[in-house]
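I have placed the structure first, in the form of structure tokens, so that the comments after it can refer back to it.
All of the numbers you see were taken from the coordinates with simple rules; none came from a lab. Predicted model only: the values in this text are computed from it and were never measured. When we count neighbours, we look across all protein chains shown, and the Cβ atoms used for this are built from the backbone with ideal geometry, even at glycine.
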There are 2 protein chains.
Amino acid sequence: MPTAVQHEAKRSLLNFFATALGGCRDIAVEHALSVVSPFAGAGQASVIGRHERLDALNAAFLNAISSNVFDFDDTHPGTVIHPSAPVAPALFALAETRRLTGRELLHAFALGVEVECRIGNAVSPGHYARGWHITSTCGVFGSAVATAKCLGLRGEQMLWALGAASAQSGGLIETLGTMAKSLSVGNAARNGMIAAFAAHSGLTGPEMPLEGPRGFAHVFGTNPDFSRISAGLGERWEALRNTYKPYPCGIVLHAVIDACLALRSSPGFSSENIESIVVRGHPLLGQRTNRPSVTTGREAQVSAQHSVAVALLTGAAGLEQYSDAAVRDPAVVALRQKVQVQDDATMTIEAAEVLITLHTGQDLNRFVEQARGGEQYPLSDADLEAKLRDLAAFGKSGCDPGLLIDAVWSLETSTDAGRLMALAVAR
Amino acid sequence: MPTAVQHEAKRSLLNFFATALGGCRDIAVEHALSVVSPFAGAGQASVIGRHERLDALNAAFLNAISSNVFDFDDTHPGTVIHPSAPVAPALFALAETRRLTGRELLHAFALGVEVECRIGNAVSPGHYARGWHITSTCGVFGSAVATAKCLGLRGEQMLWALGAASAQSGGLIETLGTMAKSLSVGNAARNGMIAAFAAHSGLTGPEMPLEGPRGFAHVFGTNPDFSRISAGLGERWEALRNTYKPYPCGIVLHAVIDACLALRSSPGFSSENIESIVVRGHPLLGQRTNRPSVTTGREAQVSAQHSVAVALLTGAAGLEQYSDAAVRDPAVVALRQKVQVQDDATMTIEAAEVLITLHTGQDLNRFVEQARGGEQYPLSDADLEAKLRDLAAFGKSGCDPGLLIDAVWSLETSTDAGRLMALAVAR
């Protein structure tokens, strides 16, 4: 594993712990925990940011949910997979039940990310466009392969792990903005582990789980491009393309928010003087986020109207701006109603344009080609540390973010990666 | 619930226990049990035919696998859903953790079957043809609704249960003939329970989990017909259409086997004198079962070539004929190689024709419009009792089939349906 890949893996893990600590007391996590607790096994593994311990499968399920619940986790451009949520929780839960070195965990993590993103590439963009929640549908392969790598599976057994993952892949875009989304993300982490353990046990699978006529790629995709799975494997790393969000909302809204934040300093701008606002973007932007009426913070995270309103009104787009209280704020409600989303098929999915017409008739507009946090403008290591500190405080776990940050940066020197989890739980 | 529906529910449960008892020591069940055991919670619920006890979710997972592992379970014509495997295990596991009367369980069972089959109707035939393992993909809705009914969910919460089920739906035809199939069937039972508990807890879901633009029907189906979900609900029962297999193999092969068994008594027939055999059927028959080379009993269950060979050679098509030993039998191997499958788009999926050319040049042929066990020729109550006795002996659980049969027939009088499970475990 090249040094750059190892460093990016640690950046991804910092961002993973940041968002899991931020989300660990969200209501969806509370519900999920209350659902599985009566059925959970021995307390083998930690639930990030909390004091409960669960069996490793359920811990992975919960930690995947926490890390993804605000959609504030990492994003692989092109596929819009959140790579860490299915993979990291599986590996840390595993590391609490069997000895893994930090180097082994980092290697398995990078391979899991590679596998899920490359499978995602093969079925993109049609797969997500049809309505598949790609983080869940492809994430289960990442969790399976990462876990299988740590179990030492090779050849036929690794293939069986992929087959067992294919049998468990699922998750629908229709659930985004509701808590049901979290179930498929949690399942991706959990069921990937099941897939690897099943293959290890000898549970057989199909010979061609991905490329068979009724295998994953043909059933979940249209005209899959298999070369995108294997081309340059081990030379070109998808893991190096991972990006981290400055805003806790759908990635397609980030350019919109950057445009709004920039527009606030335009001469003549005042939020009271806005007559109307038009957001222009790739048709997928409208499909995913044209939601003028939202009633919960969760739904607001995939609403262009809400994101524009809070960014213009408050000059920020943090977790507070996506709270239920922010959604009910009368000023936000009023401004949301002035926002229209227009499709422009000539624009890329990374770009967005925001046009504001003031009561005076003056027009302000801002085009953003790629948002902050995207591939061109990545968050720095210091940004990621700050994000972890902010979210650890937001999530009220009481864990010491400094110790956790240090442990992630030095993970490759650890002889027992599972011990890191003691720094990520409630004190 | 009409009396006829209640009676059919009991017939379905007899067949369910029969196939679960037959499958309870299959290698796929052993693997699945060894995978989940280290993570399982308190021994709340029974594993059919065995002595282990697991938490209710894992018990449902295992019992769904046992009942479906040989593909010897019930079949809803048209959708080819195996209705009981996802629903019955969820309800009996639930009944071991909270008091349910026999009447409540039977009612919830019939409703769960109704829901999964009607959702299946709405997306058939395109859904299965594309490659979805419909028992798993639709079964999770049956388990969710059956469990939700017992939890007393109504209105919005029932809708959330459907949404949580939609987020967990999955399963691929490519896995048929391998043990990985069992994971998706087990998940359907388990995850349907999770969906109901999640909705009960307050975990929200989409407003239109089935009919939304990126909901289940549009993403998993093509041009879904929603009227097939709701038309005649409560008047016409899909549960009454349930059928039970006399042979432990893919339902599409049953007419083929009936034809072969009939051909054995044709004048001039002798298995040594066979030059070649042609099986003609609907194109789906070929897609699913044209497997000339098989290496395991499991794979043989979806092989037309193997089914023809054993039926013609032995005059039977029971579990013994689908064992690994039968697959390796030199006479079977030799005869399989003489079988060709031909598509005939004018034939229905229920029908099949087998044409045998003898070395003498003589042709024998037999057309079967619908197989024994199908809607026109249902197994009798006595047939189902005999099937349960046979499979209980085959599975070597040592349970007393007579007591279990009596308990199923009198289930509506039980004040504690969970107690029945004590009669279905290993002694």
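Of all DSSP-defined beta bridges confined to the range A:251-368, some 70% are antiparallel rather than parallel. Each of B:416, A:26 was scored by other Cβ atoms within 10 Å of its Cβ. Listed from fewest to most, they are B:416, A:26. For the peptide A:217-226, the mean number of other protein chain Cβ atoms found within 10 angstrom of a residue's Cβ is 2. Given +1 at the Cβ of Lys and Arg, -1 at the Cβ of Asp and Glu and no other charges, the dipole of the range B:251-368 around its Cα centre is 140 debye to the nearest 20. Backbone amide hydrogens, once placed in the peptide plane, bring residue B:290 within less than 5 Å of B:304, excluding anything fewer than 5 places away on its chain.
Simple point charges give the picture: +1 on the Cβ of Lys and Arg, -1 on the Cβ of Asp and Glu, and for chain B a dipole about the Cα centre of about 600 debye. Computed from the Kirkwood radius of its Cα pairs, the Stokes-Einstein diffusion coefficient for the protein assembly as shown at 10 °C and 1.306 mPa s stands at 57 µm²/s. The alpha carbons of the range A:84-126 stretch over 40, 16, 11 Å along the principal axes, in descending order. Mean partner shielding of peptide B:56-69, defined as the number of other chain Cβ atoms within 10 Å of each residue Cβ, is 1.
Taking the number of Cβ atoms within 10 Å of each Cβ as an exposure proxy, the fewest-first ranking of A:119, B:405 is B:405, A:119.
Taking amide hydrogens as placed 1.01 Å from N in the peptide plane, the amide H of residue A:373 sits under 5 Å from those of A:379, each at least 5 positions away in sequence or on another chain.
Build a GNM of chain B with springs between Cα atoms under 10 Å apart, and of B:389, B:118, B:214 the one that fluctuates most is B:214. Remark: relative contact order (chain A) = 22 percent; criterion is Cα-Cα distance under 8 angstrom and separation of 6 or more residues.
Of the trypsin sites (Lys or Arg not before Pro) found in the range B:126-170, those that fall in a DSSP loop while having at most 13 other beta-carbon atoms within 10 Å are B:154. Among A:290-301, B:303-314, A:81-92, sorting by the average number of other beta carbon atoms lying within 10 angstrom of each residue, highest first, gives A:81-92, B:303-314, A:290-301. Here the residues B:394, B:220, A:226, ranked from fewest to most Cβ neighbours within 10 Å of their Cβ, fall in the order A:226, B:394, B:220.
Once you reduce the range A:346-395 and the range A:132-146 to the center of their Cα atoms, the two points are 27 Å from each other.
Of the three principal axes defined by the Cα atoms of the range B:274-338, the extents in descending order read 30, 26, 19 Å. Taking amide H atoms as placed 1.01 Å from N in the peptide plane, the amide H of residue B:81 lies under 5 Å from those of B:76, each 5 or more residues away in sequence or on another chain. Neighbouring Cβ atoms from other chains, within 10 Å of the Cβ of residues in A:43-50, number 0 on average.
Set against the 2.2 N^0.38 Å expectation for a compact globular protein, the range A:251-368 has a Cα radius of gyration ratio of 0.95. For chain A, the share of DSSP beta bridges that are antiparallel, to the nearest 5, is 75%. Applying a threshold of 32 Å to the alpha-carbon distances of A:245/A:396; B:245/B:338; A:181/A:396; A:181/B:149; A:245/B:149 flags A:245/B:149 as lying beyond it.
The Rg/Rh ratio of chain B, with both radii computed over alpha carbons and Rh defined as the Kirkwood radius, is 0.98. Phi-derived couplings, Karplus 6.51 cos²θ - 1.76 cosθ + 1.60 at θ = phi - 60°, listed residue by residue for the range B:223-230: 6, x, 10, 5, 4, 6, 7, 9 Hz, with x used for Gly and Pro.
Dividing the alpha-carbon radius of gyration of the range A:48-180 by the rule-of-thumb value 2.2 N^0.38 Å gives 1.02.
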